[in-house]
Amino acid sequence: MTVETRKALTLVDQFGRVATDLRVSLTDRCNLRCSYCMPPEGLPWLPRQELLTDAEVVRLCRIAVERLGVRQVRLTGGEPLLRPGLVDIVTELATLSPRPELALTTNGIGLARLAGPLRAAGLDRVNVSLDTLRPDRFETLAHRRRLPDVLAGIAAAAEAGMTPVKVNTVLLRDLNEDEAPELLDYALEHGLELRFIEQMPLDAQHGWRRDRMVTADEILAWLSSRHELAPDDRERGSAPAQTWLVDGGPARVGIVASVTRPFCGDCDRTRLTADGQVRSCLFSRDEADLRGGLRGGATDEELAAAWRTAMWGKAPGHAINDPSFLQPSRPMSAIGG
Ligand code: SAM
Ligand code: SF4
């Protein structure tokens, strides 16, 4: 395939990476206040009229799947379960051809009620964020007393058949880092796939400090205090998590070491914010506005072309480790994690 043909059919960038995994933020709002993400008082939310409507979200996803080679659509936020039209959006996305794999990243609050309807609508997989199993720590970390709702949500997702349910954990120094082995025990007991995510400089408060973050090496040390970990020789591909076999397998645990072991060279992501901006990377400092075109009468091909151009300019890496690194102005909750 020539470069020109590849450019016309896929979201290829100038370094040869092809984005097939679309992350769509459905809202910037949230019912938790995880300290590595949002301040306790919340944030000024996007005005409703600036959010893409359900039909606009579905149209852009259709363009991504039909014209740009996207194979997986992950719905996220903010908290995507707060989006009133979520089940209808999943129903529509499940009719796209070729049928994309449909996934959701959620804090789990409300999943006990929604897991069944989401599964019936066509949701294939779910990642639930869970940083602690202790109610007091949950309240310190997320500023809400909602741990039982999260645990009920995880159970309901498994019950609905979205197995293995993945669990995402961020460890914070002197707060929950010592809980890594306990969380792994919980995951093993319930048949969940646990992945630790290194804390990234994406919080609205700009409070991230390199010397305070818990690194992949430290996470491995915590886990090894109770379990035997062996390198997993399964092909990693573009998966962000590096995985290890636990106690001889088949159970695995993963670490997404975006800061200390960056994987930008294998990135296959493209992102759409809740207000219709394409971002080529979590850490991009620029965005391409699709909402303007969408509301101004652009054709599918014009929107696809704008998306391709945005991805062609994707930076080679996030540069967190460069002295000149600048945190993007949008926080994680408004980008879509
Ligand atoms: N509200 C949903 C949730 O918490 O799963 C979806 C959005 S949240 C932004 C997506 C993921 O990003 C969560 O697993 C969360 O733990 C993670 N996250 C948020 N801020 C982060 C940060 N500063 N560094 C690393 N991961 C972060
Ligand atoms: Fe909300 Fe998710 Fe951010 Fe926590 S990480 S405050 S649940 S958006």
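The values are calculated or read from the model by the stated rules, or taken from the named source; none is laboratory data. Only a predicted model underlies this, so the values are computations on that prediction, with no experimental measurement involved. A quick note on method: Cβ atoms are made from the backbone with ideal geometry, for glycine too, and the neighbour counts reach across all protein chains shown. Side chains included, ligands, DNA and RNA excluded: accessible areas come from the protein's heavy atoms. Shrake-Rupley method; radii C 1.70, N 1.55, O 1.52, S 1.80 Å.
Placing 281, 61 in order of accessible area, with the largest value first and a 1.4 Å probe, yields 281, 61. Each DSSP beta bridge with both residues in the chain is either parallel or antiparallel, and the antiparallel ones are about 35%. For residue 280, neighbours were defined as the other residues whose beta-carbon sits under 13 Å from its Cβ, and their charges (Lys and Arg +1, Asp and Glu -1) total +3.
Protection proxy ranking of 203-210, 124-131, by the mean of other Cβ atoms within 10 Å over each peptide's residues and highest first, is 124-131, 203-210. For residue 167, neighbours were defined as the other residues whose beta-carbon sits under 13 Å from its Cβ, and their charges (Lys and Arg +1, Asp and Glu -1) total -2. Cysteines of the chain lacking any other cysteine Cβ under 4.7 Å from their own Cβ: 30, 61, 264, 267, 281.
Here the range 10-51 and the range 128-145 have alpha carbon centers that stand 22 Å from each other.
So, in nm, how far is label residue 4 from label residue 260 when the simple model puts each one 7 Å beyond its Cα toward the Cβ? The two pseudo-label positions are separated by 4.8 nm. With all protein chains kept in place, the per residue accessible area of the range 18-321 amounts to 41 square angstrom at a probe of 1.4 angstrom.
Nothing charged except the Cβ atoms of Lys and Arg (+1) and of Asp and Glu (-1): what's the magnitude of the dipole of the chain about its Cα centre? Round to the nearest 20 debye.
In total the dipole reaches around 700 debye.
Quick one: pull the percent of accessible area on the chain belonging to carbon and sulfur, 1.4 Å probe, ligands and nucleic acids left out. In the chain, the share of accessible area belonging to carbon and sulfur is 52 percent. By the helix-only formula, in which each DSSP H run with n ≥ 4 contributes -39500 (n - 2.57) and the sum is divided by residues, the chain has a 222 nm mean residue ellipticity of -9000 deg cm²/dmol. Highest-first packing order for the peptide set 284-293, 235-244, 22-31 is 22-31, 284-293, 235-244, based on the mean count of other beta carbon atoms within 10 Å.
For the range 18-321, the spread of Cα coordinates along the three principal axes comes to 58, 41, 40 Å, biggest extent given first. Using a cut-off of 11 Å between beta-carbons, work out the net charge of the residues near residue 62 (Lys and Arg +1, Asp and Glu -1, residue 62 not included). Once all neighbours under 11 Å are counted, the net charge is -2.
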